[in-house]
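Asks: Once you've had a glance at the structure underneath, I'll fire off some questions.
Read the figures in this text as sums done on the coordinates, not as results from a lab. The model shown is predicted, which means the values in this text are computed figures rather than measured ones. Glycine also receives a Cβ, built like all others from the backbone with ideal geometry; neighbour counts cover every protein chain displayed.
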Amino acid sequence: MGLRYEEVTEDVTKLFNEVQARHFPELKNAKIITLFDLKKRASGGRVVLGRIMKTNDLLRHLTKDEAIAIEGYDYIIALDKEGWNAIGDADRVRLLRHELRHTYYDIDSESNPYRLLDHSITDFYEEVELNKDDPRWRERVATIVEAIYEQKKEDMKQDRNKGKKRKGYGGNGE
Ligand SMILES: [Zn+2]
């Protein structure tokens, strides 16, 4: 059995660094390693072209690198090698950008500010086309509904407090 992961070539690192510097300035100090995955992975019936993982303490320790990452890596990106070799640079940039879009820099966290985010949209191509005029409609509507629920919660709390007060007055009511 051969090894599943392989070091990427220099051109991958070069393209990756360009994408990172151009679109993700907040990751300036993040340590990210890209690897080729030699094994095909599928999800939802589709081949997975790339994945990003956040490292844990153990992986950090194991990926310590005197020259680049003294404290180990923050993220690992695994690229399907067959896929990478089959696509052009424009799609490669899209793929790297997508994976980096999963990162989140938590400015308030001192110990471990590098987090992961899930996709911001899950949709159908037909809907994307029809909603072009308001692509973030779901976010907009969700904010409104969220506020209604918040208000309801607040109202219930107030009602409960009123009830308590009445009892405090001897339970006579008004
Ligand atoms: Zn993704």
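Asks: Along the Cα-to-C-beta direction of S120, a point sits 7 Å from the Cα; which residues of segment 31-55 have their amide N less than 17 Å from that point?
Replies: none
Asks: Next question. Could I have the simple spin-label model distance between D134 and Y5, label points 7 Å from Cα toward Cβ, reported in nm to one decimal?
Replies: 4.5 nm
Asks: Starting from segment 106-138, pick out the GluC sites (Glu not before Pro) whose DSSP state is loop and whose Cβ has at most 16 other Cβ atoms within 10 Å.
Replies: Working: sites: E110, E126, E127, E129; in loops: E110.
Answer in residue order: E110.
Asks: Identify which of D123, D108, D159 has the largest mean-square fluctuation in a Gaussian network model of the chain, with springs joining Cα atoms closer than 10 Å.
Replies: Answer for the Gaussian network model of the chain: D159.
Asks: Among all helices in the chain defined by DSSP H, which have a length of 15 Å or more along the axis from Cα atoms plus a Kyte-Doolittle mean of at least -1.0? Present the calculation step by step, with values, prior to reporting the outcome.
Replies: Numbers: long enough: 10-23 (20 Å, -0.93); 89-101 (18 Å, -1.10); 137-168 (47 Å, -1.80).
Result, helices passing both filters: 10-23.
Asks: Please go through segment 56-112 and write out the trypsin sites (Lys or Arg not before Pro) that DSSP classes as loop and that have at most 16 other C-beta atoms within 10 Å. Don't skip to the answer; put the middle values down first.
Replies: Values: sites: R60, K64, K81, R92, R94, R97, R101; in loops: K64.
When the trypsin sites (Lys or Arg not before Pro) of segment 56-112 are filtered for loop state and at most 16 Cβ neighbours within 10 Å, K64 remain.
Asks: Same structure again: Would you report the distance distribution of C-alpha pairs in the chain as whole percents per 5 angstrom bin, up to the bin with the largest distance?
Replies: Over the chain, the share of Cα pairs per 5 Å bin runs 1, 6, 11, 14, 14, 12, 9, 7, 6, 5, 4, 3, 3, 2, 1, 1, 0 percent.
Asks: Express in nm, to one decimal, how much length is gained between L58 and L38 on full extension, taking 0.36 nm for each residue of separation and deducting their alpha carbon distance.
Replies: Details: separation 20, 0.36 × 20 = 7.20 nm, distance 2.30 nm.
Difference between extended and current length: 4.9 nm.
Asks: Within 10 Å, at most 15 other Cβ atoms, and a DSSP state outside H, G, I, E, B define an exposed site. Report the longest part of the chain free of exposed chymotrypsin sites (Phe, Trp or Tyr not before Pro).
Replies: Details: sites that count: F124, Y169.
For chymotrypsin sites (Phe, Trp or Tyr not before Pro) (loop position, at most 15 other Cβ atoms within 10 Å), the longest site-free span of the chain is 1-123.
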